[in-house]
Protein chains: 2
Amino acid sequence: MKFVIQRDALVQSVGDVMKAVTSRTTIPILTGIKIIANDEGVTLTGSDSDISIESFIPKEEEGNEIVEVTENGGIVLQAKFFSEIVKKLPMDTVEIEVQNHLQTVIRSGKAEFNLNGLDPEEYPHLPQIEEGNALKVPTDLLKTMIRQTVFAVSTSETRPILTGVNWKVEDGELSCIATDSHRLAMRKAALENDNGKEYNIVIPGKSLTELSKILDDNSDPVEIVITDNQVLFKAKHLLFFSRLLEGNYPDTSRLIPNESKTELTLATKEFLQAIDRASLLAREGRNNVVKLSTIDNGLIEISSNTPEIGKVIEQVQSQSVDGEELKISFSAKYMMDALKALEGTEIHVNFTGAMRPFVIKPLHDDSILQLILPVRTY
Amino acid sequence: MKFVIQRDALVQSVGDVMKAVTSRTTIPILTGIKIIANDEGVTLTGSDSDISIESFIPKEEEGNEIVEVTENGGIVLQAKFFSEIVKKLPMDTVEIEVQNHLQTVIRSGKAEFNLNGLDPEEYPHLPQIEEGNALKVPTDLLKTMIRQTVFAVSTSETRPILTGVNWKVEDGELSCIATDSHRLAMRKAALENDNGKEYNIVIPGKSLTELSKILDDNSDPVEIVITDNQVLFKAKHLLFFSRLLEGNYPDTSRLIPNESKTELTLATKEFLQAIDRASLLAREGRNNVVKLSTIDNGLIEISSNTPEIGKVIEQVQSQSVDGEELKISFSAKYMMDALKALEGTEIHVNFTGAMRPFVIKPLHDDSILQLILPVRTY
């Protein structure tokens with residue numbers, strides 16, 4: 001293998017596949033990045049066996065030569081060193097050449113690195129996925145849907161299925177649901193190209209977080225191919241594979257109340273900041289709980305009390321309070337997470353009693369919903 | 001105590017005194033910030049008993065009212081909570097009022113915090129320092145002198161005196177020296193107001209690092225008052241006290257070689273980047289050692305070799321190589337620290353043999369010097 005490549009393109013591509021590489025792996029070769037050079041260009045692969053990322057650097061793009069391959073071939077190089085080296089090379093171009101015994105030379109200007117490589121034949125094969133029947137979602141919408149749900153997955157391995165996000169495709173609509181059994185986040189969107197198939201899969205939260213990081217901010221479509229145990233996201237020059245979680249995701253539709261006994265309409269930012277302030281003292285306590293009470297004239301009161309430190313109380317003017325009076329306690333963190341995930345300057349909060357889950361939604365938008373279980377304190 | 005204060009001024013001042021506060025203290029009241037309000041304004045104090053910082057917020061500045069004190073008095077509030085609270089208050093002004101039993105109310109807009117305070121009478125007194133005989137150093141020069149020396153202090157408590165920087169005043173000149181016994185950094189500057197006294201003190205490296213963080217970047221003079229066991233730095237509205245280290249600092253003047261057997265003249269940035277690249281593979285090894293060899297035609301070679309990973313070799317074109325041929329090994333980290341501390345685009349490196357300390361200096365500038373002990377590998 002021998003090629004000369006634009007350093008910036010290589011740095012970008014190495015950065016992308018590095019997202020899948022971990023030093024905590026039981027398969028030593030997975031601490032490396034696989035590099036394959038052929039007539040079309042150079043392909044890099046990183047994997048931790050749950051997530052695999054393949055990034056392709058074409059020979060040329062928009063008339064600019066990016067790679068010149070003079071000898072086809074492949075190598076696996078230690079990801080940690082290779083990624084540091086390419087970032088610090090002195091010149092705009094890099095020559096990479098595999099010599100005898102997998103010894104690999106990286107040259108740039110007057111700097112020359114010799115790295116001990118590994119045999120690319122020993123690198124695990126990526127899942128083989130039939131590429132028909134792809135769903136298409138614009139990149140920016142996909143990133144938004146991930147951001148609005150993935151924070152609510154469980155971080156505990158007690159119920160592994162809850163560490164993933166439940167993706168359902170039905171009637172031309174994609175819905176993403178995450179819950180850690182204390183709160184739930186849901187986001188729906190219509191698919192542009194419904195292929196008539198139904199899907200119900202659970203994608204590890206970590207996979208979605210990493211995917212979100214390497215996708216550019218644009219509206220180009222990402223193709224999504226779902227199989228029994230894998231999902232493949234295809235973007236420009238990028239393949240992102242994730243295994244799926246096995247098991248049945250709980251039916252969450254029954255959790256979401258349809259009725260409402262108290263409805264608040266609030267300015268999102270003002271409410272978020274008041275919760276943030278109230279939580280300053282509550283964080284020290286066991287569970288970061290704040291209280292919300294309706295008082296007269298559309299005012300609500302946010303408060304918390306940690307006897308050894310002090311207490312905080314703040315009135316927030318709502319746009320409207322409809323229905324019954326209410327006193328309720330909840331996790332300030334869950335509320336802040338939910339409010340940050342919502343778009344829109346105003347929200348509805350619908351309560352059905354102090355001990356029942358409540359729902360937060362933007363005004364005039366049914367595509368997103370956040371649900372929080374209260375905490376028993378009153 | 002009761003006053004209304006501009007939030008921004010309070011946030012700035014709290015941020016400054018927080019630099020001295022640590023949660024790891026055996027004196028519980030030192031986890032707090034002392035607040036004293038009187039006819040002149042408000043004074044905040046933070047301390048970990050090694051470092052004490054006092055920040056004064058005047059009643060008014062440049063015609064703008066900053067504080068309105070309606071009742072003189074004082075309180076000590078938990079630093080961790082107080083600093084978080086003031087940052088997140090909703091309005092531009094804050095009212096702080098001590099009520100019964102040290103209960104303190106912090107009000108801003110519709111938000112109201114109640115914090116349990118402590119008695120300011122129980123807060124330790126700051127050192128009393130006679131303010132005559134102050135040295136004066138411009139703030140920016142002081143910060144530069146700290147930056148150029150403090151990184152070389154020892155981080156090990158084996159010889160506690162080496163965790164400080166040796167400040168000597170003699171013949172109208174201030175010299176700062178730090179060494180961890182493997183390398184040494186020295187910086188000198190002429191004092192504008194020599195008071196004829198001589199000093200030889202050791203200031204804890206940590207104190208100087210914190211001092212540097214809270215000083216603004218300007219050329220206003222900082223007054224420095226030195227006593228037997230304390231040093232006081234006075235800047236605008238700010239007092240910074242540090243205890244001194246006890247014991248005799250080693251005489252470092254004999255360490256610095258006067259002769260030179262090989263002298264290199266190099267472009268600082270190019271040399272630094274080559275060392276950085278060579279160290280990428282060396283970091284994994286025990287001691288991050290790189291080798292430097294002179295070769296023909298003013299070329300030098302930087303290299304490192306970690307057999308299990310690989311090796312790197314790079315040629316650097318020097319401006320000149322004078323004297324004997326040389327092969328020498330040294331810590332890449334120490335060399336990079338030294339090069340970053342130097343100003344100027346070109347440097348001299350003076351060697352007196354592969355096993356003797358060598359000296360790095362900017363061209364045409366004797367006020368700063370970095371010395372490194374080589375590592376035996378050849």
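Just so it is clear, none of the values below were taken in a lab; they were calculated from the coordinates. None of the values given here were measured: they were computed from a predicted structure. So basically every Cβ, Gly included, is an ideal-geometry build from the backbone, and we count neighbours across all protein chains shown.
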Which order do peptides B:38-46, A:219-227 fall in by mean Cβ count within 10 Å, highest first?
B:38-46, A:219-227
Residue-averaged [θ]222 nm for the protein assembly as shown, counting only DSSP H segments that reach four residues, each worth -39500 (n - 2.57):
-5500 deg cm²/dmol
Within 10 Å of each Cβ in A:116-125, the average number of Cβ atoms from other chains
1
If Lys and Arg each add +1 and Asp and Glu each add -1, what is the summed charge of the other residues whose beta carbon sits under 11 Å from the beta carbon of B:M145?
+3
I'd like the trypsin sites (Lys or Arg not before Pro) in region B:302-378 restricted to DSSP loop residues with at most 16 other Cβ atoms within 10 Å, sorted by number.
B:R376
Under 18 Å from the B:D251 label point (7 Å along Cα→beta-carbon), backbone N, region B:133-172:
B:166-171
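Shape verdict for the protein assembly as shown, please, from the Cα gyration tensor: rounded (a/c under 1.5), prolate (a/b greater than b/c) or oblate.
Judged from the Cα gyration tensor, the protein assembly as shown comes out oblate (a/c at least 1.5, b/c at or above a/b).
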List the residue from chain A whose beta-carbon is nearest to the axis that rotates chain A onto chain B, together with that distance in whole Å.
A:R24, 15
Here, GluC sites (Glu not before Pro) of region A:289-378 satisfying both criteria (DSSP loop; at most 14 other Cβ within 10 Å) are A:E308, A:E324, A:E325, A:E343
Hey, how many Å between the Cα centroid of region A:330-378 and the Cα centroid of region B:176-230?
55
What does the charge count around B:L191 come to, taking other residues whose C-beta lies under 11 Å from its C-beta (Lys +1, Arg +1, Asp -1, Glu -1)?
-2
Tell me, what HN-Hα J-couplings in whole Hz come from the Karplus equation 6.51 cos²θ - 1.76 cosθ + 1.60 at θ = phi - 60° for each residue of region A:196-206, using x for Gly and Pro?
x, 7, 10, 10, 8, 10, 10, 9, x, x, 4
Could you please state, rounded to a whole Å, how far the C-alpha centre of region B:271-321 is from the C-alpha centre of region B:59-118?
57
Helix B:268-282: angle to the longest alpha-carbon principal axis of chain B, degrees 0 to 90, nearest 10?
90
Label-point gap, in nm, between A:A267 and B:S23 - each point 7 angstrom along Cα→Cβ
3.4
Top positive-direction residue, dipole computed over region B:54-171 with Cβ charges, set B:I66, B:T158, B:N114
B:T158
Distances in nm from B:Y199 to the matching label points in the other copies, shortest first (labels 7 Å along Cα to Cβ):
7.0
For B:E259, place a label point 7 Å out from Cα along the Cα→Cβ vector, do the same in each other copy, and report the separations in nm, one decimal, smallest first.
9.9
By how many degrees, 0 to 90 and rounded to 10, does the Cα axis of helix B:332-341 deviate from the longest principal axis of chain B?
60
With everything on Cα atoms, drop me the angle between helix A:139-149 and the longest principal axis of chain A, reported from 0 to 90° to the nearest 10.
50
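Once the other residues with Cβ under 10 Å from the Cβ of B:Q273 are scored (Lys, Arg +1; Asp, Glu -1), what is the net sum? Display every interim value, and only then the final one.
Values: positive: A:K88, B:K269, B:R277; negative: B:E270, B:D276, B:E314.
Computed value for this residue: 0.
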What gaps in nm, shortest first, separate A:T26 from its twins in the other copies when you place the label 7 Å past Cα toward the beta carbon?
4.8
Size of the dipole of chain A about the Cα centre, Lys and Arg at +1 and Asp and Glu at -1 on the beta carbon, nothing else charged, in debye to 20?
1640
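Provide a whole-number value for the mean count of partner chain Cβ atoms within 10 Å of the Cβ atoms in peptide A:268-279.
2
Does region A:136-224 come out rounded, prolate or oblate by the C-alpha gyration tensor, with a ≥ b ≥ c the root eigenvalues, rounded set by a/c under 1.5 and, if not, prolate when a/b is larger than b/c and oblate if not? Numbers along the way, then the final one.
Values: a/c = 2.14, a/b = 1.38, b/c = 1.55.
Oblate is the answer for region A:136-224, as a/c is 1.5 or above yet b/c matches or exceeds a/b.
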Could you name the aspartates and glutamates in cross-link range of A:K340, using Cα to Cα under 13 Å and dropping any fewer than eight places away on the same chain?
A:E270, A:D276
Of A:T306, B:T227, A:L10, which is farthest along the charge dipole of the protein assembly as shown in the positive direction, counting Lys and Arg as +1 and Asp and Glu as -1 at C-beta?
A:T306
Once both labels are modelled 7 Å past Cα along the beta-carbon direction, what's the B:K340-B:Q99 spacing in nm?
5.0
Hey, rough spin-label estimate for B:M91 and A:K59, points 7 angstrom out along Cα→Cβ, what's it come to in nanometres?
7.1
Placing +1 at every Lys and Arg Cβ and -1 at every Asp and Glu Cβ, with all other atoms neutral, what dipole size does region B:135-253 have around its Cα centre, in debye to the nearest 20?
320
So, with +1 on the Cβ of K and R and -1 on the Cβ of D and E, and no other charges, what is the size of the charge dipole of the protein assembly as shown about its Cα centre, to the nearest 20 debye?
1960
Over all residues in B:303-312, what is the mean tally of Cβ atoms on other chains that come within 10 Å of each residue's Cβ?
4
Using the number of other C-beta atoms within 10 angstrom as an exposure proxy, rank B:D322, B:D296, B:D48 with the fewest first.
B:D296, B:D322, B:D48
Rounded if a/c is under 1.5, else prolate if a/b is larger than b/c, else oblate: which is chain B, with a ≥ b ≥ c the root eigenvalues of its Cα gyration tensor?
prolate
Which residue, chosen from B:A332, B:P257, B:N297, occupies the Cα position most advanced towards the positive end of the dipole of region B:256-372, where the dipole is computed from +1 (Lys, Arg) and -1 (Asp, Glu) charges on Cβ about the Cα centre?
B:A332
